[in-house]
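Working notes, structure below.
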Amino acid sequence: MATAGKVVSPAGPKPASPGALRVLSLNLAHGRKDALNQMLLNDEDIKRNLNEVALMLNKTGADVVALQEADGPSRWSGGFDHVALLAGQAGYPWYSRATHAKSWLFDYGTALMSNIPFSEHINHAFQPTPPSLTKGLTLGQIAWRPYGRKDPVHIDIVSVHLDFSRDSVRAKQVAEVAGLLSKRGHPLIVVGDFNSDWLSNASVVVELARRCGMRAYQPMAEDLATYRSSGRRLDWMLISEELEFLSHEVLPEVVSDHQAVVADIGLKAAYGSRPLAPQSSASRCTP
């Protein structure tokens with residue numbers, strides 16, 4: 001299930017630096033900020049928390065925002081669409097929200113918001129994994145025009161959320177991601193809550209990077225933790241070979257139990273002027 005729309009706001013994000021695409025990823029934690037559970041909050045508390053997220057987005061000026069644990073209208077988190085509210089408050093004209101888990105109590109999944117139009121968006125729920133709730137991804141394609149480039153670059157950006165409880169389930173989900181992406185050949189950015197770090201046994205971050213020929217920013221760094229309660233780096237950005245990291249930062253604002261990650265991503269000089277034809281499916285990702 002997806003919701004897409006165009007929202008007008010007078011206070012849009014500040015632009016990224018010339019030549020860069022600024023991407024931000026955040027597990028939104030159902031709008032509860034650092035509270036124990038969203039069901040302990042009323043709708044005004046949650047709207048206040050989301051307003052803090054919107055202020056952070058305005059300050060960072062991200063072009064594309066990837067969200068996880070992003071709620072549609074849900075009894076447990078205020079009864080309104082969190083992504084639609086954020087898009088309006090932060091001034092993102094285009095957004096896509098996917099429902100991966102739904103019951104009488106909740107409706108949530110992943111989402112993308114962008115100040116560049118989506119030429120395509122895909123919402124994919126992973127195979128059910130009881131007793132844990134279903135996870136999935138949202139893919140949006142944008143036509144990005146780097147500074148000084150005549151032709152736009154079509155980029156697939158993915159917001160993904162993997163299972164928190166079992167290595168075996170995460171491994172199957174990464175295989176689903178790779179299978180979906182193997183059918184596409186555009187430059188690729190995959191971001192989100194992987195519930196895995198680089199050095200863990202059976203790291204799904206390493207596995208997806210290997211399958212799709214992608215890389216992370218300083219994967220062995222010890223000062224880029226994103227999950228505050230454990231001090232682990234669970235939120236990642238992976239980019240394909242045509243792209244490079246110009247900057248990468250874990251933001252200090254406390255707006256969730258996860259820290260937001262923001263990066264400026266550029267097109268490598270070798271690809272600066274020549275057309276970027278889609279790769280063959282076999283060369284992008286190995287299913």
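The table that follows gives values for the structure above.
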read-out	value
Gain upon complete extension [residue 253, residue 47; 0.36 nm per residue less C-alpha separation]	72.5 nm
Cβ-based exposure ranking for 186, 124, 82, in which fewest neighbours within 10 Å come first	124, 186, 82
Residue-count net charge about residue 200 - beta-carbon cut-off 9 Å; Lys, Arg +1, Asp, Glu -1	-1
Candidates 141, 218, 38: whichever shows maximal mean-square fluctuation once the chain is modelled as a Gaussian network with Cα springs under 10 Å	218
Value of [θ]222 nm, deg cm²/dmol, for the chain, DSSP H segments ≥ 4, -39500 (n - 2.57) each, nearest 500	-6000 deg cm²/dmol
Sequence of 110, 60 once ranked by neighbouring C-beta atoms within 10 Å, starting from the fewest	60, 110
Largest-first ellipsoid semi-axes for segment 153-272, taking √(5λ) over the Cα gyration tensor eigenvalues, angstrom	22, 19, 12
Mean separation of Cα contacts under 8 Å, 6 or more apart, over the residue count of segment 17-269: relative contact order %	20
Peptides ranked, highest mean first, by Cβ atoms within 10 Å: ranges 242-248, 259-265, 51-57	259-265, 51-57, 242-248
Difference of contour (0.36 nm per residue) and Cα-Cα distance, residue 35 to residue 143	35.1 nm
Residue of 76, 104, 198 that the Gaussian network model of the chain assigns the largest fluctuation, springs spanning Cα pairs under 10 Å	104
Cα gyration tensor shape for segment 87-223, rounded if a/c is under 1.5, else prolate or oblate	oblate
Burial ordering of 159, 229, fewest other beta-carbon atoms within 10 Å first	229, 159
Structure-derived Cα Rg over 2.2 N^0.38 Å - corresponding label in (1) 0.93; (2) 0.98; (3) 1.17	(1)
Fluctuation leader among 150, 33, 172 - the chain, Gaussian network, Cα springs under 10 angstrom	150
Total formal charge among the other residues, if their Cβ is under 11 angstrom from that of residue 136, Lys/Arg +1 and Asp/Glu -1	-1
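Every number in this text was worked out from the coordinates using simple rules, so none of it is lab data. This is a predicted model, so every value here is computed, not measured. Ideal geometry is used to build each Cβ from the backbone, glycine not excepted, and the neighbour counts take in all protein chains shown.
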